[in-house]
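The values are calculated or read from the model by the stated rules, or taken from the named source; none is laboratory data. The structure displayed is predicted, hence computed values, not measured ones. Here Cβ is always computed from backbone atoms with ideal geometry, including for glycine, and neighbour counts include all displayed protein chains.
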Amino acid sequence: MPVEMPLSASQLVVRICLFLFTAIALLGGTLQFVLGQPDTTPRLDNVHRFLAGIYFGTGLICLWSAITVRQQGTLVYLIALAVFMAGLGRVVSMSIVGLPEPKALWIGYLVPELLLPIVMAAAHYLGTQSK
């Protein structure tokens, strides 16, 4: 069996970002699927749990992408875009209805959703340019 070369620094950064996204999506998706949207209408709870399933499934895609990072191309950019768009969704929500409590927690969710996709996409781009 051939021995694999170690990951380049850029591939390692992409892998770490993908593993972070994996953990967030799997844990968050599971939690939101189980909890639902308490004290709301059946319609909103239904949509919330549906999106929790999508969130969990995205975590599985991130996991697979992290494991096979050497073979990934456009998928890394698409994942970065999806996470960034999710962060923008939070920004829009916060600007329309306000920042939920506890504020530090929600800012703690927002900052990585806006920064990590940029870091990951830049690292992936730099890694593909060195080939």
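Residues in the stretch 73-108 that are in contact (Cβ under 8 Å) with a residue 40 or more places away in the chain and surrounded by 14 or more Cβ atoms within 10 Å (Cβ to Cβ) were compared, and the one that is farthest from Thr22 (Cα to Cα) is Tyr77. Being touching a Pro at 6+ places or on another chain (Cβ under 7 Å) and modelled with pLDDT of 95 or more, is that true of even one residue in the stretch 84-98? Within the stretch 84-98, one or more residues are touching a Pro at 6+ places or on another chain (Cβ under 7 Å) and modelled with pLDDT of 95 or more. For Thr58, are the conditions met, namely being of a type in the set (Val, Ile, Thr) and modelled with pLDDT under 95? No: the conditions fail for Thr58. For the residues Ile61, Ile67, the requirement of being free of Cβ contacts under 8 Å to residues at least 12 places away in the same chain, surrounded by 14 or more Cβ atoms within 10 Å (Cβ to Cβ) and closer than 30 Å to Met5 by Cα singles out Ile67.
Only one entry in Leu35, Leu126 is of a type in the set (A, V, I, L, M) and without any contact (Cβ under 8 Å) to a residue 60 or more places away in the chain, namely Leu35. Of all residues in the stretch 1-28, those being among the small types (Gly, Ala, Ser) and over 17 Å from the mean Cα position of the chain (by Cα) number 3. Within the stretch 37-56, the presence of a residue that is among the polar types (S, T, N, Q) and touching a Phe, Trp or Tyr at 6+ places or on another chain (Cβ under 9 Å) is excluded.
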